[in-house]
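Taking it in order: structure first as C-alpha cells, then the write-up.
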Amino acid sequence: MTSLPTTIQDVFNEPGCARNASKSKVERKNGCTKQLKPGGAAGGCAFDGAKVALQPFTDVAHLVHGPIACEGNSWDNRGSVSSGSDLWRRSFTTDMSETDIVFGGEKRLYRAVKEITEKYNPQAIFVYQTCVPAMIGDDIDMVCKAASAKFGKPVIPINSPGFVGSKNLGNKLAGEALLEHVIGTGEPDYTTSYDINIIGEYNLSGELWQIKPLLDELGIRILSCISGDGKYREVAYSHRAKAAMMVCSRAMINVARKMRQRYGIPFFEGSFYGIEDTSDSLRQIARMLIESGAPAELMERTQALIAREETKAWAAIERFKPRFAGKRVVLITGGVKSWSMVAALQEAGLEIVGTSVKKSTKKDKERIKELMGQDAHMIEDMSPREIYKMLKDAKADIMLSGGKSQFVALKAAMPWLDINQERCHAYMGYVGILKLMEEIEKALYNPIWDQLRQAAPWDEFDRNLQARTAAQMHAQAPDPVRDPSRNGVRTISFSNQAEVSEGESAIAAHGPKLAEPNKPCTSSSGRCIACKDIPSDLQPPALQAAE
Ligand code: SF4
C-alpha cells in the first residue's frame, strides 16, 4: 500500500498535466497549492475534493471518518442524480468526539463500518480520512483491510485529509484510491467493441442522460462512468473499455493517463457543451473505437446522427439570436468549461467579454484563444471586488458562474446564472444547449433586474423630503448675498447651514458676531437681547406673532 506522502508526490509529478510538465523539478515538489493570503477564501479542502469526486457513485456508502463538521461541509454539494440506488445521498460519519481524540478513533470506525453493513448492505463502503483522525494517527488503511476481510465486502480507504492541500488535489487522490483499490478488481459479463469509459463526468442534474440516448442509438455502451450515476461494479471492470473520454481534465487526468498506461485504453479530452463540441466528441469516440477494432461503418452512422441532431439544434437556437444580439457575458468558471461554455455561448450569438482561467490548463487556454482570438480576455485571478466593478461598470450584461460568486452579481444588480455543480438544469448535448439558452434568456430579461436598479422607495422619500425642506428654507430666508436691498450684510438667517454659508460675505465684513443661533427665540418677555436687531421679516413666526 502506497504511503500518503508518496501518493501526493506522484500526483504532483503528473506528466499528463501540461502546467505541471512546464515546472522545474523543485517547483513540482512544492505542488500546486498556492499560499493563501490572510482573509482569502480557501475553497474546498482535499477531503472535500475527494468526496465531491466520488460521491456520485450511487450504490456505495460514503463514510466520513472525523468530526461531524467535515461531513456537514461536504454532504450533497454536487447536484448529481442517480438512476437507481439513493444510498450515496445518505450521510454517514463516525462523528468523532474528544474521547476518540484521546483514545483513538479506529475502533469507532470499525464499528461504523459494521453498522452500515448490517443496516444497508451496500456494494462497497468508501471511508474518507479527515484532518483530525489523520493528525492523531488513525490508520484507516488497516481498519478498512480488517473490516473488508471480516464483512466480505470492499471497504475502500480514501486517504485525503483536508490539510494535505486543495480541493483539486483531493480529486486526484480520490482517483488514486480508485486506481489502487477498485479498477481492475472485477470482470464484466461480456465485452463489445463499442465499450467506453467516461471519466470526470458527474451527471449533474442528469445531463449524462442527454448524451446516453445518442450513444445507445449508435450501439456504444458506457461501460463505466467515473463517477456520475456510477456503480461500484462498473468501475471495478472499467479496465475492459476500448476507449475513454475525459470530461474534466483537471480533476482526473491521473486516472485516464494511468488507465492508458496500465490497460492500453486510449483517451481524449472532450466536452458535450455546445452543438459543435458535442458533435466533435461523438466523432472522436467513434474514431477511437474504430482504431481499437470496431467496424468502420460506425463513423458513417455517427455522421448521420450528428447531421440530424445538428439540423434540429441549429434551428431551435435561431430564435434566441435576436434576443441575445449585443449582449455580453462574463464567464467565471474553470477547467474544461472555461472554453467549452465559450463555444456554446458563441453559437447563440452572445459576446464573451472575459473567461476565468484560474483552474484551466495550458491546453484549455489554447482552446480559448482559438475561440475568442489572441486578445481573449482571460481572467487569471479576479477578486470579488474586481468582478463587482466589472459588472457595475456595465462591461457585461450577465455573469455565468458557480454559486460562490452569485452574490457579487446580485450586489451589482446584474443577471446571473449558475453553471457549476449546484445548478438545477442539465446543459449537455444538443438538448442541453437549448436549455442553457432558455435559462440565459430568462435571467437576462427577468423584470427583477430593472426593479433592483431603481432607488429604494425609502430613499426616494428621503430625497423628496430633503428637496421640500430646502425649498421651504429658501422661501423663508432670501439669499443675503444676492438680495441688493439687504446688501448681503445685515440679513441674518434663522435657518440652517445653507444660509450660514451664503452669509459668509456678511460675516467677513462684520465679524462672526452676526451669526445667529438656529433655534427660535424662547424669551417669555417678548424679545431677548439677541433678537433685538433682527429685521422682523426674518424672525421666527412665534416672535412675529408676539410683535
Ligand atoms: S479541512 Fe479538515 S477538518 Fe476541515 S472539512 Fe476538510 S477534512 Fe474536515
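The values are calculated or read from the model by the stated rules, or taken from the named source; none is laboratory data. Everything numeric here is computed off the predicted structure, so don't read it as measured data. Counting neighbours? That spans all protein chains shown, and the Cβs are built from the backbone with ideal geometry, glycine included. SASA here: full protein model, heavy atoms, side chains in, ligands and nucleic acids out. Shrake-Rupley method; radii C 1.70, N 1.55, O 1.52, S 1.80 Å.
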Residue in the range 122-129 that is under 33 Å from the mean Cα position of the chain (by Cα), within 14 Å of the ligand (Cβ to nearest atom), touching a residue at least 12 places away in the same chain (Cβ under 8 Å) and surrounded by fewer than 23 Cβ atoms within 10 Å (Cβ to Cβ) present: no
When the residues of the range 396-425 are filtered to those that are under 22 Å from residue 436 (Cβ atoms) and charged (D, E, K, R), which remaining residue is modelled with the highest pLDDT? 397
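Does the range 417-474 hold any residues that are outside any helix (DSSP H, G or I) and either touching a strand residue (DSSP E or B) at 6+ places or on another chain (Cβ under 8 Å) or of a type in the set (A, V, I, L, M, F, W, C) (or both), and which are they? Can you show your working first?
Residues of the range 417-474 that are outside any helix (DSSP H, G or I), as a first pass: 417-428, 445-447, 454-456.
417, 418, 419, 420, 421, 423, 424, 426, 428, 455, 456 - these are the residues of the range 417-474 that are outside any helix (DSSP H, G or I) and either touching a strand residue (DSSP E or B) at 6+ places or on another chain (Cβ under 8 Å) or of a type in the set (A, V, I, L, M, F, W, C) (or both).
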Just checking, how many residues over the range 277-304 are buried (at least 18 other Cβ atoms within 10 Å of the Cβ) and closer than 23 Å to residue 435 by Cβ? 6
Subset tally (residues that are within 12 Å of residue 63 (Cα to Cα) and without any contact (Cβ under 8 Å) to a residue 40 or more places away in the chain) for the range 109-120: 5
Hey, among the residues in the range 67-94 that are under 22 Å from the mean Cα position of the chain (by Cα), surrounded by fewer than 20 Cβ atoms within 10 Å (Cβ to Cβ) and not in a loop (DSSP other than H, G, I, E, B), which one's nearest to the ligand (Cβ to nearest atom)? 73
Quick check on my filter: what residues within the range 41-66 are over 22 Å from the mean Cα position of the chain (by Cα) and either within 15 Å of the ligand (Cβ to nearest atom) or open to solvent by 40 Å² or more (accessible area, probe 1.4 Å) (or both)? 62, 63, 64, 65, 66
Would you confirm whether any residue within the range 99-119 is open to solvent by less than 70 Å² (accessible area, probe 1.4 Å), hydrophobic (A, V, I, L, M, F, W, C) and within 13 Å of the ligand (Cβ to nearest atom)? no
Residue 137 fails exactly one of (1) under 23 Å from residue 49 (Cα atoms); (2) away from the ligand (no atom under 16 Å from the Cβ); (3) not hydroxyl-bearing (Ser, Thr, Tyr), namely (2)
